[in-house]
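Just so it is clear, none of the values below were taken in a lab; they were calculated from the coordinates. Keep in mind that this is a model prediction, so the values were computed, not measured. Glycine also receives a Cβ, built like all others from the backbone with ideal geometry; neighbour counts cover every protein chain displayed.
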Amino acid sequence: MKQDIENIELSLLTFNDYNELRDTMIESYPGMPNAYWKEQHIKALLEKFPDGQVVIKVNDQLAGCALAIIVDYQKFEEHHTYKEITGDYTFDTHIENGDVLYGIDIFIKPEYRGLRLGRRLYDYRKELCEQLNLRGIAFGGRIPNYHKYASETTPQKYIEKVKRKEIHDPVLTFQISNDFHPSKVLKGYLEGDTDSNEYAVLLEWDNIYFEKPKQSTAIAKTVVRLGLVQWQMRLYKDFEELMQQVEYFVDAVSAYRADFALFPEFFNAPLMAEHNHLSESDAIRELAKYTGKIVKKFSELAIAYNINIITGSMPEMKDGLLYNVGYLCRRDGTMERYEKLHVTPDEAKVWGMQGGSELKTFDTDCGKIGVLICYDSEFPELSRLLADDGMDILFVPFLTDTQNGYSRVRHCAQARAIENECYVAIAGSVGNLPKVANMDIQFAQSMVFTPCDFSFPTNGIKAEATPNTEMILIANVDISLLRELNQFGSVKNLKDRRKDLFELKKIT
């Protein structure tokens, strides 16, 4: 896997990308050295359907590509070859008023495989299909491992064995995992594909939002999926074991195609166990030495699992002072830091922790978000400033030892959702750490709160975890409902503020 990734960008293909595209294709198809698109082919695709041609770049280097056209599917649904579907490679089969997005090619440069970049390309195709209100996606998928089994099984039986995971096929297995279902076997599909014995599998994905509308395009989706980690405090033998547990949860949340994963405050506290012979203030400073490594690993996981991660919080030393901080690790490889502004009396007294000074919203591919660590959620001015800056979702990682402490965070967080007309997600830790001083027993119930109006749950709770149980919580939130609430809600908390009586502003 390629390391030191600073940026991942999905963008439309341009003709200036051609030389890199050709070289990437040659590397991606080592068994087919002459199987790359010529300049006239790419030029034709860009002229006919520019939105269907997309590349993914890592550190500004082309790492993969997906090419597609729109076809009148009934002309090809029964049986077709690659040459027929592409109009003898002229792409004259592309028509704007067709009903199916047909995948012409998709490939990832070998050195970037394992980062789930192919999933991003498929996700782009799905979103494009929905936006254009097409019936679905189809393509002929190669089965490059079939030649190893051709003497003992038919293509149909081979496909069934791949579906049952008795056989691994690098192409078919990946496509099935991305929600494409095999429809039929296409014989003689691609000339010269000896690895597949010139067979292919017609793979299809159905657009559940497809309808025969009065307008030509479908409404863009605004639903964001949140994944909350209710973390069990337990002892770990070392840093690697703790991060294995972190990756386990990232994997679990990502499997549900969540857009965000939220971890709790001080989830890494178990690493203080080996320093329990030190004073509390010295032990947490030892814990702070892990923060850089943890953040780097979180960024790698965000890229690999294609998910934005709010890392909860960790102690961090800066200019000789101890802070409680966390990071937003975006799935494009970028990161931003947030700070706990109000430390609790215990944090200040026992650990010598300082309050931060920076409050801001963060732009993401799912809208603007804010993060307030635990105690900060109990100060309504902070979230109001974030709401004034356009925040749609507020994330609150927390750590509370008693039920009354949890109740303060829980009820204040729910109030923030109502008064700021936003969604609020809170995630905490459960269990205990008997060998870590000043941690004791944890109490938590992770939840997602909404405003209270007709488009939302009547009690303002979208989803809630089981109290004091290690688990994940998955919930969808619809940003468009917030826009409707702003304009047509039964009450309009943001608009109805008496700004003639008071003023709230951030000191810069």
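The long axis of helix 291-304 is offset from the longest Cα principal axis of the chain by roughly 30 degrees. With the cut-off at 34 Å, report for the chain the share of all Cα pairs above it, as a whole percent. Here the tail beyond 34 Å accounts for 46 percent of pairs. Dimensions of segment 8-206 along the principal axes, based on C-alpha atoms and rounded to the nearest Å, stand at 46, 38, 28, largest first. Peptide packing for 468-479, 7-18 was compared via the average number of neighbouring C-beta atoms within 10 Å per residue; ordered from the highest value, the list is 468-479, 7-18.
Take every DSSP beta bridge whose two residues both sit in the chain; close to 70 percent of them are antiparallel. Between the alpha-carbon centres of segment 125-201 and segment 80-94 there is a gap of 19 Å.
Which lysines, if any, have their Cα less than 23 Å from the Cα of residue 505, not counting same-chain residues under 8 positions apart? Within reach: 340, 360, 368, 492, 495. Counting only aspartates and glutamates at least 8 places from residue 48 when in the same chain, those with an alpha carbon closer than 14 Å to its own are 92, 96. Extension gain for residue 505-residue 469 works out to 9.0 nm (0.36 nm per residue, less the C-alpha to C-alpha distance).
In summary, the lysines within cross-link reach of residue 43, defined as a Cα separation below 30 angstrom excluding same-chain residues under 8 places away, comprise 57, 75, 83, 109, 126, 187.
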